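Structure first, commentary second.
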Amino acid sequence: MNRRIAIRNMALLLGGTVLLPSCLNSKGNKVVQLKHITLDDDQQTLIAEIAETIIPKTSTPGAKDLKLPEFVLLMLDDCYNKKDQLQILEGLTAFNNLVKSKFNKDFANLSIKERESFLNDFESSAKQAQKNSKSTDSINAFYWAIKQQTVFAYTTSQYFMTKQIVYELVPGRYNVHVPVKKLKSA
Amino acid sequence: MSANTYDAIVIGSGISGGWAAKELTEKGLKTIMLERGRNIEHIKDYVNANKDPWEFPHRGGRTQKMIEDYPVLKRDYPLNETNLDFWANDKESPYVEKKRFDWFRGYHVGGRSLMWGRQSYRWADFNFEENLKDGIAVDWPIRYKDLEQWYGYVERFAGISGNKDGLAVLPDGDFMPPMDMNIVEKDVAKRFKDIYKGARSFVIGRTANITVPHNNRTNCQYRNKCWLGCPFGAYFSTQSATLPAAAATGNLTVRPWSIVTKILYDKDTKKAKGVEVLDAETNQTYEFFAKIVFVNASAFNSTWILMNSATDIWPDGLGSSSGELGHNVMDHHLNVGAGGTVEGYLDKYYFGRRANGIYIPRYRNLNGDKRDYIRGFGYQGGASRDGWGKNVAEMNIGGAFKDAVTEAGIWEMGIGGFGETLPYHENKITLDKTVKDKWGLPVLAFDAELKDNELKMRKDMENDAKEMLEAAGVKNVHTYSSNPYLGRGIHEMGTARMGRDPKTSVLNGWNQVWDAKNVFVTDGAAMTSAACQNPSLTYMALTARAANYAVEELKKNNI
């Protein structure tokens, strides 16, 4: 047991959260400096608000609390090729325009209900048309990339892995049968 | 003894080089182990081993920068953020692909013993006999009985966990207690018994992860982070096992940054007298001398060294008099299998990350089975529960979705094949002197491909996977078959094969180069055929056997 605690402490010492360089804009929002793509603060806000709608603050922290938008931006900046980045940026504009044409407002200014119903409608029509992040249509490429990275960010975050599920760096054992509560959805 | 003179030289520090160094030093030989890359110190240099997933900036993924920097490594899973430093730099060490060959290398102390898959299977007697029986290539000069005691010897030291399954196709070893199957795998194993009545088996993987403490190494902690280096020394690597044993004798010198450019051949004695080394950091050239040389530079680099040696006598290099040096490139072909979902078991989970899976040993072309190809394949796989509740249509965003992703998903089961590749003379590597690496050295050109026998086998590998999973009760089974290219198994074999006749083989039955009896090649290069089992355990056994023989011969003044 001591050994495991020692290892864990070592990990805590060695690892620091890697944060992107950022600064505050005129409205007091954090703007992330990206290396390979340019996103102004409205565009960054849009991504953050979509992420927050997917993983909202409830009785537990939401996307913004957990800095998931920063991770999404980092992934967009570092892990997508030029062609995909261009398509995603194009899709961001298209997404924005679609919201405006429907509500005459920016996504960030919609109520939570409006945001949720918009995204739900968007997802169901995309699913009907079988569109996903590899889709040639830029608006879907944009949305599904943001969603995929948001969920990935959440499910691999320290908060999720230590507070929501059981994760140990050093399990020390393999129990072949652990009873669990039945799936709610099953 | 001058400063650069030793009893033995070992070229390479991976799985087989580590074994050569251990055996030779324990038998009293002053030995220098030459490694082309940097040093990696056990535990201290496993810089990512104790990081949690969220501590990696891209959570383990690959960036565009990495993809640009590693044009070969990017072709499969090895390109990732967590252990990038363990893979050779593609740009510093290029090679030529006349035909596509995915070559994933580890250039550092420990070599790929740090990143290997650890699955450890003995060959059965029929594996050594099939070339003769099929009239393919040449006959192995040895049989299972020649290697049996050495398998046991290396298993007891390396620490192989496994179950004594009593299968004729897959001989039992001297095992540590096996890892466990999870609840779904246990049921599938039972169904296999009912359906196939022993003609096909479904067993727990035999892996070089220790399950009880052993030689100052801590038993496996079920982290499944082996390829970052194990702070517990729980899996076999040069660093965790053979290197400390060799160092403890006081007879070992390790020299990193030492690219062996040639073996120095003495035409009067018809033996090697040493090696020439290019220091990878300073570009200075050195010579080291010894009575015996073990070549363990990884299959194709071992052959590269032979090709560059004694060219004044044999233009194509030491061991080329047979016309077989560089020929018979082999690997295991993979990326073919099936997966599906398992209904039920939703109140059952497991805890811990088992660095192992299940194994289905070969059954094709055995016991009366006859296909439109020869040889066969095995499968590795396992069952696990999917991470979070996808497929929850009405909960795609928002608070309910956030709750749903914390739920355990459904059970899934998958198996992937490892197929035997035949030794074709025309599948070869050659030296390309027009292309140079970072150090100005000529590089290897690959001209090898899967042929009809392998491609026919792949159809069975795909269809059988589906058939067996469905028979075992797995639902929604999908199959896949992609990337029919050599190299991806990272099981490079052949190019300096063992044989019974110097006219048709490079090495004799003791892994000695026919043309220089004090030069031993005991890594994948020596393989006469490939079987379908993961090969490293066989390299270990061949190396221990050859080292024992070398020292005996040395004592008798025969070499």
request  = Just one of (1) closer than 23 Å to A:Leu74 by Cα; (2) at pLDDT 95 or above trips up A:Asn104, so point out which.
outcome  = (1)
query = Can you pull out the residues in the range B:239-283 that are aliphatic (A, V, I, L, M) and under 26 Å from B:Gly317 (Cβ atoms)?
reply = B:Ile259, B:Val260, B:Ile263, B:Leu264, B:Ala272, B:Val275, B:Val277, B:Leu278, B:Ala280
query = Does the range B:1-26 hold any residues that are in contact (Cβ under 8 Å) with a residue 60 or more places away in the chain and of a type in the set (A, V, I, L, M, F, W, C), and which are they?
reply = B:Ala8, B:Ile9, B:Val10, B:Ile11, B:Ile15, B:Trp19, B:Ala20, B:Ala21, B:Leu24
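Residues are listed down the side, and each one gets a yes or a no for (1) part of a loop (DSSP other than H, G, I, E, B); (2) surrounded by fewer than 20 Cβ atoms within 10 Å (Cβ to Cβ):
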{"residue": "A:Pro56", "(1), (2)": "yes, no"}
{"residue": "A:Thr60", "(1), (2)": "yes, yes"}
{"residue": "A:Ala63", "(1), (2)": "yes, no"}
{"residue": "A:Leu66", "(1), (2)": "yes, no"}
{"residue": "A:Val72", "(1), (2)": "no, no"}
{"residue": "A:Asp77", "(1), (2)": "no, no"}
{"residue": "A:Gln85", "(1), (2)": "no, yes"}
{"residue": "A:Leu89", "(1), (2)": "no, yes"}
{"residue": "A:Phe95", "(1), (2)": "no, no"}
message = Can you tell me which condition B:Ala208 does not meet? The list is (1) under 23 Å from the mean Cα position of the chain (by Cα); (2) within 14 Å of chain A (Cβ to nearest Cβ); (3) under 21 Å from B:Asn182 (Cα atoms), and all the others hold.
response = (2)
Condition met for A:Asp78 (more than 16 Å from A:Glu116 (Cβ to Cβ), within 14 Å of chain B (Cβ to nearest Cβ) and in contact with a His (Cβ under 7 Å, 6 or more places away or on another chain)) = yes
query = For the range B:53-83, what are the residues that are among the hydrophobic types (A, V, I, L, M, F, W, C) and away from chain A (no Cβ under 13 Å)?
reply = B:Val72, B:Leu73
request  = Look through B:Lys466, B:Lys451 and report the one residue that is in contact with a strand residue (DSSP E or B) (Cβ under 9 Å, 6 or more places away or on another chain), surrounded by fewer than 19 Cβ atoms within 10 Å (Cβ to Cβ) and of a type in the set (Lys, Arg).
outcome  = B:Lys466
query = outside any loop (DSSP other than H, G, I, E, B), in contact with a Gly (Cβ under 7 Å, 6 or more places away or on another chain) and of a type in the set (A, V, I, L, M, F, W, C): does that describe B:Met33?
reply = yes
remark   = Conditions (1) within 14 Å of another protein chain (Cβ to nearest Cβ); (2) without any contact (Cβ under 8 Å) to a residue 40 or more places away in the chain -> B:Gly198 fails only (1)
task = Filter the range B:32-52 down to the residues that are within 13 Å of chain A (Cβ to nearest Cβ) and surrounded by fewer than 17 Cβ atoms within 10 Å (Cβ to Cβ), then identify the one that is nearest to A:Cys79 (Cα to Cα).
result = B:Val47
request  = Kindly establish whether B:Lys475 is charged (D, E, K, R) and more than 30 Å from B:Ala383 (Cα to Cα).
outcome  = no
query = How many of the residues making up the range A:31-54 are facing another protein chain (nearest Cβ under 10 Å) and part of a loop (DSSP other than H, G, I, E, B)?
reply = 2
inquiry  = Tell me yes or no: at least one residue of the range A:128-139 is surrounded by 15 or more Cβ atoms within 10 Å (Cβ to Cβ), among the hydroxyl-bearing types (Ser, Thr, Tyr) and modelled with pLDDT of 90 or more.
reply    = yes
ask   = Quick one: how many residues across the range B:1-49 are polar (S, T, N, Q), touching a helix residue (DSSP H, G or I) at 6+ places or on another chain (Cβ under 7 Å) and closer than 20 Å to B:Trp439 by Cβ?
value = 1
key: Per-region count, the range A:136-186, residues at the interface with chain B (Cβ under 8 Å from one of its Cβ atoms), over 18 Å from the mean Cα position of the chain (by Cα), of a type outside the set (A, V, I, L, M) and not in a loop (DSSP other than H, G, I, E, B)   = 3
task = Would you be able to say whether some residue in the range B:64-73 is assigned to a helix (DSSP H, G or I), surrounded by 19 or more Cβ atoms within 10 Å (Cβ to Cβ), at pLDDT 95 or above and not acidic (Asp, Glu)?
result = yes
ask   = When you go through (1) in a strand (DSSP E or B); (2) surrounded by fewer than 20 Cβ atoms within 10 Å (Cβ to Cβ) one by one for B:Asp312, which number turns out not to apply?
value = (1)
ask   = Within the range B:476-486, can one find any residue that is in a loop (DSSP other than H, G, I, E, B), surrounded by 23 or more Cβ atoms within 10 Å (Cβ to Cβ) and touching a strand residue (DSSP E or B) at 6+ places or on another chain (Cβ under 8 Å)?
value = no
key: Search result, residues across the range A:114-135 that are of a type outside the set (S, T, N, Q), out of contact with any helix residue (DSSP H, G or I) (no Cβ under 9 Å at 6 or more places or on another chain) and within 10 Å of chain B (Cβ to nearest Cβ)   = A:Lys127
key: Residue that is farthest from the other protein chains (Cβ to nearest Cβ) [pool: residues in the range A:97-111 that are surrounded by 12 or more Cβ atoms within 10 Å (Cβ to Cβ) and assigned to a helix (DSSP H, G or I)]   = A:Lys100
request  = Sort out for me the strands (runs of 3 or more DSSP E) sitting completely within the range B:347-438 that have 1 or more residues that are buried (at least 22 other Cβ atoms within 10 Å of the Cβ) and within 12 Å of another protein chain (Cβ to nearest Cβ).
outcome  = B:348-351, B:377-385, B:411-419
task = Scan the range B:439-472 for residues that are more than 21 Å from B:Leu278 (Cβ to Cβ) and either touching a helix residue (DSSP H, G or I) at 6+ places or on another chain (Cβ under 6 Å) or part of a helix (DSSP H, G or I) (or both) and report the count.
result = 21
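The values are calculated or read from the model by the stated rules, or taken from the named source; none is laboratory data. In this text the structure is predicted, and so the values were computed from the model without any measurement. Because the Cβ atoms are built from the backbone with ideal geometry, glycine has one as well, and the counts that use them run over all protein chains shown.
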